[in-house]
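Notes follow once the structure below has been shown.
The values are calculated or read from the model by the stated rules, or taken from the named source; none is laboratory data. Fair warning: this is a prediction, and the values are worked out from it, not measured in the lab. In this analysis, Cβ positions are derived from the backbone assuming ideal geometry, glycine residues included, and neighbour counts consider all displayed protein chains.
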Amino acid sequence: MARLRLGLGLGRLGQGFLCGSLFSFLFGYAAAQEAPWAASKQCPERYDSNGMWKGSRLVGGNYTLYCAPGFEVSGPNGGPSRSLTCPPSLVWLEELHCKNVDDCAKLRHGCGALGICLDLIDGYDCNCENGFYTRHYLDSEIVCGPKGIDKDVCHGHTCGAYGVCIDLVGNASGYDSAKGIYRCECTDGFFDNGVTCERQDCGNKSDPLGTWLGSTKFGDEYTLRCPPGSYIWGGALQEVTMSCGASGQWLSDYWCVNPLDKEAQSRMATMELWLDVASVLLCVLSAALAAGLTLGLATVEPFGLQVILAARPEERNFGSSHRAAQLLHC
């Protein structure tokens, strides 16, 4: 009886071992079969004509874009490289690519006032105006200008992106050399303030009804806004925008008007009309008296004045009439 129980115990133990081994085998086999399927769980591969993608595309892995020289990663941060992490959705959360670096935007002088910067791949060039083909280096930058430019005299002085430093030694004609031995030659809309090229400023404007907002400097916008019920004179707009001229003067003038004042404006216009009529009448009276004529006033209409002139009997001749006609021309 004891032997039978022992046999049963060993049988059950063997069965448990056999089941455990079989489970391990099947689980291992399933895991082995799942490996290729798991490896396919990765974000799609990417390509860039101006860079190279490297790294892991598996979920949670880092995939990095490296840009070629002269290019940077798109987006506000830029930089030569940028990494992405593959999400569980297997869809990249950002679209990155390598874009050309704007080398002109990084310049302090911008080729100067006599040239235009041309952006190249990993560099730039200056397109100079006719007669200013010579290129000079200021602070390691190329600048277009006349022979008067001297980097030793200017001592690295910069006139900004809208001017170029001019050596006044031997070129002082037409320049105020009291400021120093150099001067800034500025492009239109800018002036030499003694240190650099500064934008022209047309100055603030005021309006009794409206409000002026914005910048009064060259190239910026300056806006007049009329309050409700008022409009820009000469039209139905409630606001208008203009810019300061290159000479530092406003090129136009605007102001706000209130349509409720039209009646008063009409009365003023009528008064001005009668003042004009009175001026004409005074002119005619003066001319008639000077010609020795007798003036008879027949009618006076709102928009016209009819004057009847009767010459004296002793002066009824062509010469007298011709002289009166000349004197009546006011």
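Return the only residue of Gly61, Gly112, Gly28 being farther than 30 Å from Ala161 by Cβ, at pLDDT below 90 and not assigned by the TED database to the domain that holds Glu185. Of the residues listed, the single one that is farther than 30 Å from Ala161 by Cβ, at pLDDT below 90 and not assigned by the TED database to the domain that holds Glu185 is Gly28. Taking Glu72, is it out of contact with any Ser or Thr (no Cβ under 8 Å at 6 or more places or on another chain), crowded, with 18+ Cβ neighbours inside 10 Å and either without any contact (Cβ under 8 Å) to a residue 60 or more places away in the chain or part of a loop (DSSP other than H, G, I, E, B) (or both)? So Glu72 fits the description; yes.
The condition of being exposed (fewer than 14 other Cβ atoms within 10 Å of the Cβ), touching a Lys or Arg at 6+ places or on another chain (Cβ under 7 Å) and outside the structural domain of Tyr162 (by the TED database) holds for only one of Gly229, Gly235, Gly219, Gly210, that being Gly219. Within region 166-203, take every residue that is at pLDDT 85 or above and on the phi > 0 side of the Ramachandran plot and give me the one that is surrounded by the fewest Cβ atoms within 10 Å (Cβ to Cβ). Looking at residues that are at pLDDT 85 or above and on the phi > 0 side of the Ramachandran plot, I get Gly203. Going through (1) modelled with pLDDT of 70 or more; (2) assigned to a loop (DSSP other than H, G, I, E, B) one by one, Lys147 falls short only on (1).
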